[in-house]
Every structure is written in C-alpha cells, then in structure tokens.
Amino acid sequence: MSTAAALSNPVSSAWRRIPGAWRQPLTLIGLVVVAAWLVVAALSPWIAPYDPLAQSPHLYQAPSSAHLLGTDELGRDVFSRVLWGARISIPLAMLLVVLAFLIGGTLGGLAGYLGGWVEELVMRGADFVFAVPTILLAMAVVAALGPGLFHAVLAVVLVSWPGHARVVRGLVRTIMQSEYVAVGRLLGSPTYRALAVDVLPNIAGPVSVLAALETGNAILLLSALSFLGLGARPPDPEWGSMVSTGAQHFEAWWIGVFPGIAIVSIVLAFNFLGDSLRDAFDPKTIIKARGA
Amino acid sequence: MFLCLGVSVMAFVLTTLVPGDPALANLGDRASSDPQAVRLYREHFGLDKPVPVQYVVYLNNLLHGDLGESEQSRRAVRIDLAEYIPATAELAVSSMVLSILLGVTLGVVAALRRNRLTDQIIRVVSLGGMSTPQFWLALVALYVFFFKLNWVPGSGRLDAIVLPPPHLTGLYTIDALAAGQFDVFFNSLQHLILPACVLAAFNMGLFTRFTRSAVLEVLENDYVRTARAKGLPELTVVFRHVLRAASPPIVTVVGLAFGNVMTGTVLVENIFAWPGIGQYSYRSATGLDLTAIVGVMLFVAIVYILVNMVVDILYAVIDPRVGLA
C-alpha cells in the first residue's frame, strides 16, 4: 500500500462503492418497496377506498372486489386500514430512529472523543440496556408511563440508543487515531476541522446502514408493543394491533394476515437496503478494494 | 456484579415512576374505595416508605436471594420464577439449537456459493426470518398447522389429559425421557416444536448473515487455498479449516442473540399459552407489578451476563491466541 493511499481519507472510496450496491437486484427491490410504502403513507387518505374507522353492517366479509382484503369484526375495510397503517408505523419508526440517533450518536461521539469517565459512564449505561431484552425494558417503560403510542415510541428510543452510541463511539475513536487525522493536526488544522472533514463523513456511511436496519427493527418492536396492547389503542389502524384483533377472530384469517404481510414487506425492504449498504461500507471490503 | 447493580437500580427506578397506583391496580374496585384496605396493602408491600428506603430494603433482600413478593400472585417472586423458568428454558434452548444448526449451515452454504442464485435465495430467507414479526408468524403457524392441518396440538406444554412427568429438571422432554414415559415425551415434543421453530426464525436469519460474512473472510486466506491445493475434500476444508477459524464472531453473536430469544418468548409464550417467564413478565407489566418485573429483569440480566461469560471462555477454547485474562 502506498503512503498516499494510507493517508488518504477512506470515505471517498466508500461513497464510490454505492453505485455498485444499487446494481444488486435485492437492493433495488428494497428501494422500490420502501418508496412505494412512503407514497402510500403520504397519499393514503386519497387512495384508500373507505374510511379506516367507518363501521358497516358487512362484518367478516372475505376478500372480494368490493373489499380487496375483506372486512373486520366491525365491518371496517381491511385494505383501507392497512393503507392508513403506513401513516402510523413508518413516520413514527423514522422519528424514533432519528431520536435514538441524536441521543445515541451524541453520547457515543462524546464518549469516543473525550474518553475517560464520560466514556465509562456512557458505555456502562449502554451495557445495562443491552443486558435487558428490548421488549422487557420497553414493556416496563410502557407499564410505568401507561399504554399509548407516544409512550411506546419513547420506550423504543430508550432501548435503541445504545446501538448508535456503540457504533459512533467506535468510529470516532478509530478515526481520531488514524494517520490522516494525525497528519492534519501536525499541519496545524484545528480540531473542529478534523471533526467536520474527517470524522463526520466517515460516520455517515455506517450510520446510514444502521439507520436502515434500525428503522426495520423499530417497526417490528413498535408493532409488537401494539400487539401486546401497550402501544396503539384499538380504533387506530395500527398494524400490530390489527394482527392482535385478527388473533381473536381466527376463522376470518384476512383480518390479521394482511397487516402482518404489510409489516413483513416494509421491514424486509429496509433489511435489503441495510444489507447491501453494509457490503458497500464494510471497512474490510474497502481496504481490499484498495489492494491492501 | 457492577452490571447487576446497575440493572437493579435502573429497573427499580423505572418501576417506581409508575403513575398508576399498584394498590388500586391490584386491589379491585371495592377494596380500593376502602382507605383502610389501601393503607394495609401499602404497608404490606412497603410502599408507604420513601423510595430510596424502598430500594435499600429491596437491595438488602436481594443479597439474601430474596426478590420480594409479587403483588399479583402474592407469592415470593423467586418461587414464581422457579415455577416459570423451566418452561422458558426448554423453549429457549431448543429454539437456540435449531437456529444455530440452520443458521450456520445456511451461512456456510451461502458463503461457498457467493453471489450465485443459492446465495441470493438464502439471503432472502435469512433476511425474511429477521423481518417477520414473531407474533404474526406464531399466529400464522398456529392457524396453518393447528387450525387447518391439525398436525400439531394447539397451546400449552402438554395435552390437557396428559400428566406432567415426575419433576427432575422441569424440562418436560428431559424429565419424561428420564422417567421412561415415551408417550409424555412425544406429547411434549409435539407441543414444543411449533413455538420453538417460530422463535428460531429471527436468530436463524441473524446467524446466517454473520456466518456468511465470517466464512467469506476466512475463505480468502492462503491456508484455505493450500488445503484445497493439497486435494483435501471440500467438507474437510470447511469443517477443519474454515469453520473453526470463522467461529469466534459466530459464537459472539450467539451470546448476544440470547436477548432476542427472551424478547421473542414474551410474544410467543403469550400466543401459545406457554407458562414461562415471558408470559409472567407480560402479566406483571400489565398489572403494574413492580417487584415481579424487577425480578424478571434481574434474572434475565444475570443469565445474559453468564451466557456472555461462557462465550468469552469459549473464545479462549476456540482460539488459542486468546488467553483467559
């Protein structure tokens, strides 16, 4: 490996690998499905054929041309409810990933940059959260604050910040110790420049992978809490609580099956994206690409 | 040790923040309108004392192995846990075994067939396992295999008419085998198989992904090329050279995945009416039973720490370069 290569900022090569990742068919499928759900979430009031809360005398109707995915125990149109469900799950999942990143990223960045007791405190805190299974902790939080979608979001933020903190801390530490930062310092450039030019762009890649994976996990966890009756409350067309309703009406399988398929499709799409982004940003593949 | 203390503090603080009054939640309507009953209830559970005092009392009891008394079952949390743990252990261990076997096999195959069709199919299957909500998968499995096909019995650990085997470990399959009751063994196995498979799906996917990338890394080493050049059979190369070198990251992720299993049991046990700590903790959470939740959290955290200690020891066994510092 040449000296120039060793001292150059690895981020540029990572970004250059992204177009390669897009050529993977699964990445493309993931992107299309996520985009489709975003459109559905934005336009559901206009594309849903029925009011998601409107009850009708047509109870337990199997899927037909009038009701594409059938009707539930109160005669509500399952298709419309699934479409409206995107409006609840997707924005909330994204909101909580952003919140978890802001909290975890800040704490992890401080831990990695400052070291010492700050690092000790943050990382031990993260260990606590890791040691208790996510749903147990989230359940305790929701039980403490009372059930409700907002409290469920808070609970999921509380259990997911440590993932971000660990990643960001590790990255900040590695980058601050790397040769190109040291060279920059020797040349007299200020710390904030090292942070802005070397650290931030290098964090962006792994963090975007984590965000994609976490959005999927956030949707799973949120819907699980709603399924247990600790998140969204019954009339809301939330996917997890719709599955829970379906569980009480086994004969009418369509009530619970379709919201579940909605969850699988969006989470799978996020995981397709995350998986191929990970390949693109894996530092080992990057080093290999540079012939080390 | 430090971690245990931290978990106990966190769990305790969390559950004392309850705005809902546990006395009112557990006494029922008539009793909670009686101030005398509410006062007696609070005194009985020490809820009338200031919060720091409550914690010190709790911690002191904890050091004597006493997790306190559940406000719902009116029994020591320790006794409750002892009753529910074997059921969860049976479920969790069998699902772990399943997911490790499947995940590692699929991961190795995917790595050997990198970027071919097999790899893509395994990618879809493994990511699918990680993307499917366990509560939904459990319901669909129950609908298909129990309700429609009637291949497996519905919920619980045994058919209602079957008596549990004599208590030895609390794991019905093992107890039944030890007692020579093969009918009970097969019955408990039939009850176990569906929830265990559902529970295994997520970790199967996780292990597949990790095994694939770990194996890919090892495959590029010169000694693998040498082994192949020597004309060793592919299976020998995979098992003797590749899998051993690839195992440290896999073992690590298995240790960490223990938390996923516990998360899954809460959902799966509720759906399959499996009388384990997952169901117990859900009932405790909805009943605002703080002592019970803290007890479960503490127990799970201790097991998690133990599991990951075992992982560290395994590390040293697998990789001679790692010392047992």
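A few points about this structure:
- Prolate/oblate/rounded label for the range B:248-290 (Cα gyration tensor, a/c 1.5): prolate
- Choice from A:Arg173, A:Arg87, A:Arg124 with maximal GNM fluctuation in chain A (Cα, 10 Å cutoff): A:Arg124
- To the nearest ten degrees, helix A:11-22 and the longest principal axis of the Cα atoms of chain A are 30 degrees apart.
- Taking θ as phi - 60° and the Karplus parameters 6.51, -1.76 and 1.60, the scalar couplings of the range B:262-272 work out to 5, 4, x, 4, 4, 6, 5, 4, 5, 6, 8 Hz in sequence order, x denoting glycine and proline.
- In Å, descending, principal axis extents of the Cα set of the range A:86-197: 56, 32, 16
- Those residues of the range B:112-149 whose amide nitrogen sits under 20 Å from the label point placed on B:Arg240, 7 Å along Cα→Cβ: B:112
- Per-peptide packing, taken as the mean over residues of other Cβ atoms within 10 Å, places A:229-235, A:138-144, A:196-202, A:31-37 in the sequence A:138-144, A:229-235, A:196-202, A:31-37 from highest down.
- Amide H contacts for B:Glu69 (H built 1.01 Å from N in the peptide plane; partners 5 or more residues away or on another chain; cut-off under 5 Å): B:Val77.
- Vicinal HN-Hα couplings computed from phi for the range B:125-142 (Karplus, 6.51 cos²θ - 1.76 cosθ + 1.60; Hz; Gly/Pro x): 5, 6, 5, x, x, 7, 9, 8, x, 5, 5, 6, 4, 4, 5, 4, 4, 5
- Relative to the longest principal axis of the Cα atoms of chain A, the long axis of helix A:254-281 makes an angle of roughly 10 degrees.
- Averaged over the residues of peptide A:139-152, the number of Cβ atoms from other protein chains lying within 10 Å of each residue's Cβ is 5.
- Chain B packed on chain A takes about 4100 Å² of accessible surface away from a 1.4 Å probe, both sides summed.
- Computed over Cα pairs, the Kirkwood radius of the range A:139-260 leads via Stokes-Einstein (0.890 mPa s, 25 °C) to a diffusion coefficient of 142 µm² per second.
- Between B:Val310 and B:Leu189, the simple spin-label model (points 7 angstrom out along Cα→Cβ) gives 2.3 nm.
- Distance (nanometres) between label positions extended 7 Å along Cα→Cβ at B:Ile121 and A:Arg185: 5.3
The values are calculated or read from the model by the stated rules, or taken from the named source; none is laboratory data. Everything quoted here is computed from the prediction, not taken from an experiment. Quick reminder, even Gly has a Cβ in these numbers, built from the backbone with ideal geometry, and neighbours come from all protein chains shown. We work out accessible area using only protein heavy atoms, side chains counted, and drop any ligands, DNA or RNA first. Shrake-Rupley method; radii C 1.70, N 1.55, O 1.52, S 1.80 Å.
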